[in-house]
Structures are given as structure tokens and as C-alpha cells.
Amino acid sequence: MASLLTLEEAQERVLARAQPLPAELVPIAQANGRVAAEDARAVVDLPPFASSAMDGFAVRAAGVSAALRIAGESAAGRPFEGRLDAGSCVAISTGAVVPEDADAVVPVEDVVVHDNTVEIPADVRSGSNVRPRGGDVAAGEVVVPAGASLNPARLAAAAAAGIGALRCARRPMVTVLATGSELVLPGESLRPGEIYEANGFMLAAALTTAGADVRVEPSVADDEGALRESLERALATDVLVTSGGVSVGEHDLVRAVERELGVEEVFWRVAIKPGKPVSFGAREGVLVFGLPGNPVSALVGCELFVKPALRALQGLADALPRFERGELMTPLRRNGDRDEFVRARAHLADDALMLEPVIGQESHMIVRSSAADALVHVPRGNGELHAGSSVRWLRLGVGC
Ligand code: AMP
Ligand code: MG
């Protein structure tokens, strides 16, 4: 067998074609899961003023006396406006402004309150329970770096620092097209030789979760004319993902028709299992993935090639699949020529992440695979991975 393209080479070729899409301004209320296209900087110091970390009494630490007069109150959003001297203090709430003349807050739990005086413990440290202005971030500093994805904590950070909108790469538009004359939608009845279409639903779900705007085209038969028409329409997109018809059978016409339509093929066939016949090409900036029809092959191809491309189009700093480490529970034979991706269940046992391959590893067995939450990477090579080996694995069903 002519030597196949390795997974690493194939992924490199995909990422070389997947440049970030143009950026647009996105209000933070709509930015969940989007990727910052440029550094977003704090508009204000955070906290914007020295504020109290506790409910209690703001005092001057130096020479504090046992009994202080309560001169007023500083509540959240309503600062104390008077002055403070060594003999007085201000009742203060968490998050309220620490008056200019004070430098410490004594928690309410540590004092005895009388009518309008408080008994204060003797040793108060300057700065205690005071959150300094700018202690989290200073105005002008980077809050969200370019290439970071906007998760809930980053959205909160942006909001807290006064950033109301961020520039993010436009969401990629992805068109999904299942090919195969045997495909029928679930809910209809099957005639001899027909099967239910599954890949379109899987790919639409996976790619929506990965941040794409997905359009699913009606499936198309293995017929040149029909394919030409469907593919031409489907190519009006950022990314086209087809399933089926890229293998070596007489009815596998997708690549030939794409070529006629001006798609430049970048690669076909990669040294992986399942998913070897995967194809990738481009037409005027539109990325074109041809995933094999077996649903498990399509799933693996989607994880290894399409999702990384979507991350790169969205400008994520780290576009390659994110492997984690775990311990294999049962031995796995290695494949001499191809990197294998074995579907497995991930269990936590005494804080160790254990991977148990599911029974039924053939590439048509989507029901068996659907019980898996992990793809275990079995590197090409001789011999086997023993039970207990440390392996790389990819979590299934996660977003970008
Ligand atoms: P192909 O890659 O077209 O040779 O298809 C390989 C296998 O996957 C065949 O058994 C097909 O019937 C099956 N298959 C193709 N497309 C789909 C699909 N969209 N949903 C479920 N199975 C499919
Ligand atoms: Mg087919």
C-alpha cells in the first residue's frame, strides 16, 4: 500500500487552509462560546475603588481606640460622604467604598455594637479586609486575550471590567450534506436495501456545539447529476461537510463531482482507523470535507478534522483536538499502519481516569459507539497497549 498521509500531516494541511473569518462586534450578552479576535482591555480599574471585603466598620488602623463613634454608613452603591477621624468609624457593607480616611475594615463579628459606638479589638492591621482599587485588574490591562474562547467566567470578567462588546470572528457557516441512494429519514418506512440517515443529525449537532451556524441539506442519491446540483448549491457556505461516497466503490462519486465543480483536492485518505477514506479540499476559500459514510467513521473524521478547522476559523489559539491522559482498562492491539481511535467509556476510579473500550468497535456500529464518551488514541505500531497503559484520549460530545 502506498504510504498514506499521517494524521498529523493531514491536520496540518487543514489548519493551513483555515484562516480566521472576519471579525464583528458582539455584545457580551450574545458572546457565549465565541472567540475573542483581539485583546479586550479593562475600561476601568477593578475594583474601581478601594472596597470592603466584609460587612463591618471602616477605621483608621493607626492608633485605633477601643471605642469608636459611628459617624455614618457606607453601603454598596451609596458611599459615606463625610470625614473620619481617629475617634470615629463608618458602618460598611461588603463591596462598599472604604472612606478615604480609613484603611481597614473590622468585621462585624469582631466588634460589640452599642447605640452609636462600637468596641473595637486592639490590633487592627492597616489594609485588613480592604480590597485595593485595581487589585484584580488595572484599566488598560488585557482582560480577555485574542484567541480565548468566551466562557461564563470570561464573560463575567469582561462585564466587570466594563467591556460591553468584543470583536469576535464571524461564526462559520457550515453546510451538511449526506450522500447515498439508500438513505431515508427516520420516521418514514424502509424499502428493501434502505437505511435511516444518521450522519446529518450527528454532524449538525456536533458542529452547532462547536460554534457553527449549520444548514442541513436534504440527502442526495449516488447520481452524478443529482450530486452536481446538490453540491453546487451546498458550496455556498464557509465549510461544506459531506458524508458518504468518498471510498473506492463504483458509486462513490463525491470527489469526482467536486473536482468538476472546481474543488481543489488537498488530500484523500489518511492513516487512521476508522475514517481512512476522508477527503479534504477547497474552492475559493470554502473548505470541503468528505467524511466516509459509516457513522463511526464520520464521527471520528468530524472530531479530528472538521472541529479543528472550525476552531481555527473562529480564531481559537489552540485549534488541534485536546487530548487528555487516562489509563486503559483492557489491552488493545496496535495497527501497524494506522492510528486507531477506539470508542471507550471514561470512568473515575479513586481519582484515576480509566478508559473502558465499548464492545462493538466496527465502524457501522453507531449504537455501540453512542455509549462512549471517549476516543482513545492507539498510535500506529507493533504489539499492543497493555491494560494499565497511559493513553491519550479525546472527550466526545464537547463544544469548541
Ligand atoms: P459509503 O462511505 O458511502 O461507502 O458508506 C459506507 C456505509 O455507511 C454504508 O453502509 C452506508 O450505507 C452507510 N452510510 C452512508 N451514509 C450514511 C448516513 N448518512 N447515515 C447512516 N449510514 C450511512
Ligand atoms: Mg455510499
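May I ask you to compute the full-extension gain from Arg333 to Arg215, defined as 0.36 nm times their residue separation minus their alpha-carbon distance, rounded to one decimal in nm? Intermediate values should be presented prior to the final figure.
Values: separation 118, 0.36 × 118 = 42.48 nm, distance 3.92 nm.
Result: 38.6 nm gained on full extension.
Ignoring ligands, DNA and RNA, how do Phe80, Phe341 rank by accessible area with a 1.4 Å probe, largest first? Walk me through the numbers on the way to the answer.
Details: Phe80 40, Phe341 0 Å².
Sorted descending by solvent-accessible area, the residues read Phe80, Phe341.
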- Task: Tally the DSSP beta bridges in the chain and give the antiparallel ones as a percent, rounded to 5.
- Result: 65 percent
- Write down the percent of antiparallel bridges among all DSSP beta bridges whose residues are both part of segment 299-360, to the nearest 5. 75 percent
- Query: How far apart, in nm, are two points set 7 Å out from the Cα along the Cα-to-Cβ line at Asp351 and at Glu8?
  - Reply: 3.3 nm
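What part of the accessible area of segment 48-189, given as a whole %, is carbon or sulfur when the probe is 1.4 angstrom? Let's see the in-between values first.
On the way: 3580 of 7000 Å².
On segment 48-189, the fraction of accessible area on carbon and sulfur atoms equals 51 percent.
Accessible area per residue, 1.4 Å probe, Å², for the chain: what's the number? Intermediate values should be presented prior to the final figure.
Values: 18920 Å² over 400 residues.
About 47 Å² of surface per residue is accessible.
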- Query: Given charges of +1 on the Cβ of Lys and Arg and -1 on the Cβ of Asp and Glu, with all other atoms neutral, how large is the dipole of the chain about its Cα centre, in debye to the nearest 20?
  - Reply: 460 debye
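For Gln19 and Asn116, compute 0.36 nm times the residue count separating them, minus their Cα-Cα distance, and round to one decimal in nm.
Extra length from Gln19 to Asn116 when fully extended: 28.3 nm.
Determine the gain in length on full extension of the stretch Glu224-Ala165; use 0.36 nm per residue of separation and subtract their C-alpha separation, reporting nm with one decimal. Intermediate values should be presented prior to the final figure.
On the way: separation 59, 0.36 × 59 = 21.24 nm, distance 4.70 nm.
Difference between extended and current length: 16.5 nm.
Would segment 172-279 count as rounded, prolate or oblate if I go by the C-alpha gyration tensor, calling it rounded below 1.5 in a/c and otherwise prolate when a/b exceeds b/c, oblate otherwise? If you can, show how the numbers build up before the last one.
On the way: a/c = 1.31, a/b = 1.08, b/c = 1.22.
Note, shape of segment 172-279 comes out rounded.
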- Query: Using a 1.4 Å probe, how large is the accessible area of Trp268, given in Å² and rounded to the nearest 10?
  - Reply: 70 Å²
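Do the sum for the chain: with -39,500 (n - 2.57) for every DSSP H run of n ≥ 4, divided by all residues, what is the mean residue ellipticity at 222 nm, to the nearest 500 deg cm²/dmol? Walk me through the numbers before you get to the answer.
Working: 8 runs with 67 residues, N = 400.
One gets -4500 deg cm²/dmol as the mean residue ellipticity at 222 nm.
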- Excluding ligands and nucleic acids, what accessible area in Å² is computed for Thr94 using a 1.4 Å probe, to the nearest 10? 60 Å²
- Task: Quick one: which residues, 5 or more positions from Arg345 or on another chain, have an amide H under 5 Å from its amide H? H modelled 1.01 Å from N in the peptide plane, none for Pro or chain starts.
- Result: Glu356, Val358, Asp373
- Item | Nitroxide proxy distance, nm - points 7 Å out along Cα→Cβ at Ile195 and Ile359 | 2.2 nm
- Message: Just to make sure I understand: if all protein chains stay in place, what is the order of Thr242, Thr209 by accessible area at 1.4 Å, largest first?
- Response: Thr209, Thr242
- Message: Using each residue's phi in segment 330-347, evaluate 6.51 cos²θ - 1.76 cosθ + 1.60 at θ = phi - 60° and report the 3J(HN,Hα) Karplus result to the nearest Hz, with x for Gly and Pro.
- Response: 10, x, 9, 6, 7, 9, x, 10, 10, 6, 10, 10, 9, 6, 8, 9, 9, 10
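The values are calculated or read from the model by the stated rules, or taken from the named source; none is laboratory data. What you see is a predicted model, and the numbers here were worked out from it, not measured in a lab. Neighbour counts are summed over all protein chains in view; Cβ atoms, including those assigned to glycine, are modelled from backbone coordinates with ideal geometry. Keep in mind that these areas ignore ligands, DNA and RNA; they rest on the heavy atoms of the full protein, side chains included. Shrake-Rupley method; radii C 1.70, N 1.55, O 1.52, S 1.80 Å.
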